[in-house]
Amino acid sequence: MPRRPLLLTLTLLLGVALPAVTHAQETPPAAPPTGSPPAGPRTPAAPPETTELGDTAPPAGTETSSLELVRRGGDGQERRIRIVRTGTDDTTGVFVICSPLDDEPEGSPNVAVFSESGSGGVQITIDQNQIRVPLALVTQRPAAEGEGSDGRIEASAGTARFLDEVPEGQTDRLTRCGVEATPQPAPDTVLVTQGRTELRGQKLVYDETDGVARIDGPITFTRPGEDGPLTGQSERIEVEVDTEKTVLIGAVVLNSPDGRVSRAARVEYDDGANLARLIGSTEQPAESSLRGDVLRAGELLYDLERNEVVARAPEGGTITGEFQDGEETSAPTTAPRTP
C-alpha cells in the first residue's frame with residue numbers, strides 16, 4: 001500500500017517542546033528538526049489573511065513553532081539559522097513539515113511551511129539580522145544521526161492553508177501533503193532589523209550551496225539618531241553566513257540628517273559597530289559629500305554615530321576631494337588609514 005503523505009506540526013512554548021500533531025496519520029520523519037512524535041489528527045485551517053507586518057515582538061509566553069538550519073562553513077564553525085512562527089492559531093497561519101513520499105528518492109529533504117499574518121509574523125534569525133515575513137518555505141536535507149543539517153529558505157509576503165481534499169494527479173510535494181502555499185512578493189514586506197537599523201525588501205532566498213541569504217529590493221532603510229534618521233536605499237542585500245557580513249549591493253545611497261550623501265556600489269553594514277564600509281574601485285570610487293565638500297576613494301569608512309567619514313585608497317589608486325573653493329586635491333595611497 002502506498003504511504004500516505006505526512007504533515008508534522010511542531011509546537012514550542014518558551015523553548016519547551018509540546019506534543020506534535022499530524023494532519024495525516026503516518027510515521028514521522030526519521031530526523032525532524034524539533035518536537036515530539038505525533039499525537040493525533042489535525043483539522044485543516046481556514047486561509048489566513050495577509051496583513052502588514054507590525055513592529056511589536058511577541059509577548060512573553062507566546063507559543064511558537066520553530067526549526068533550525070545548521071550550516072558548517074569552511075572554517076569549521078557551526079552557524080545556525082532559526083525560523084520561528086510566532087503563533088499557533090490556524091486562523092492566522094500554519095506550520096507543517098511534509099516528509100518525503102514513497103515514490104521520492106531516498107534522502108529527499110523535508111519541506112516545512114511557516115505562515116503567520118499576525119503582528120509577530122514568521123521570524124528568521126541570520127547572524128545579527130532579525131527578519132520578519134508573512135510566509136517562509138524551508139527545505140531541509142536529512143541530517144546525519146545526532147547532527148543538524150542545512151537547506152534552503154524562500155520567504156516573502158503570502159499565505160498558506162490546509163486543503164480539505166488533495167487533488168488527484170498532483171506531483172507537487174506540498175499539494176500531495178494537503179497544503180497550499182501562495183508566495184506573493186511585494187515591496188517592503190520583508191522587514192530586516194539589525195540593531196537600530198530597519199531595512200525593507202520584498203523577497204528572501206537563502207541557499208546552502210553558497211551560504212548567502214539574498215534579499216531582493218528595492219531596499220529602503222532607516223536608522224534613528226538624535227538629530228534625525230539616517231536613511232538610504234540599495235538594489236538588494238546579501239547576508240554572508242560564513243563571514244557574518246551584511247552587504248548592501250547596487251547603487252547604495254546613505255543620507256544623513258545634516259545633508260551628507262554617501263554613495264557606493266557595495267556597503268558592508270554593521271549597526272552594532274556603528275560602521276558602514278563603502279567599497280568602490282579605481283574606476284568607480286566610493287563618494288561622500290557634505291555641504292559642497294566631496295571625498296572620493298576606493299574605500300570610505302563611515303562612522304554612523306558620529307557622521308564622520310575616513311578615506312582609504314585602493315591598491316594603486318588615490319584619494320581625491322573637491323571643496324567649496326572649487327579646487328580639487330588628491331592624496332597618494334600612503335595617506336593615513338584606519339584599522
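The values are calculated or read from the model by the stated rules, or taken from the named source; none is laboratory data. As the structure is a prediction and not an experimental result, all values here were calculated from the model. Here the Cβ is made from the backbone with ideal geometry for all residues, glycine too, and neighbour counts use every protein chain on show.
Here is how the numbers come out for the structure above:
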item: Options Gly217, Gly228, Gly232; residue that is at pLDDT below 95, surrounded by 15 or more Cβ atoms within 10 Å (Cβ to Cβ) and either more than 14 Å from the chain's Cα centre (by Cα) or not in a loop (DSSP other than H, G, I, E, B) (or both); result: Gly217
item: Test for Val239: is it under 20 Å from the mean Cα position of the chain (by Cα) and among the aliphatic types (A, V, I, L, M); result: yes
item: The listed residue being surrounded by 20 or more Cβ atoms within 10 Å (Cβ to Cβ), in a loop (DSSP other than H, G, I, E, B) and over 13 Å from the mean Cα position of the chain (by Cα), out of Gly118, Gly107; result: Gly118
item: Residue within the range 259-267 that is of a type outside the set (D, E, K, R) and at pLDDT below 90 present; result: no
item: Residues of the range 297-313 satisfying the condition of being within 28 Å of the chain's Cα centre (by Cα), aliphatic (A, V, I, L, M) and under 13 Å from Ile279 (Cβ atoms); result: Leu300, Leu301
item: Candidates Val239, Val253 - the one that is among the aliphatic types (A, V, I, L, M), part of a strand (DSSP E or B) and more than 27 Å from Ile83 (Cα to Cα); result: Val253
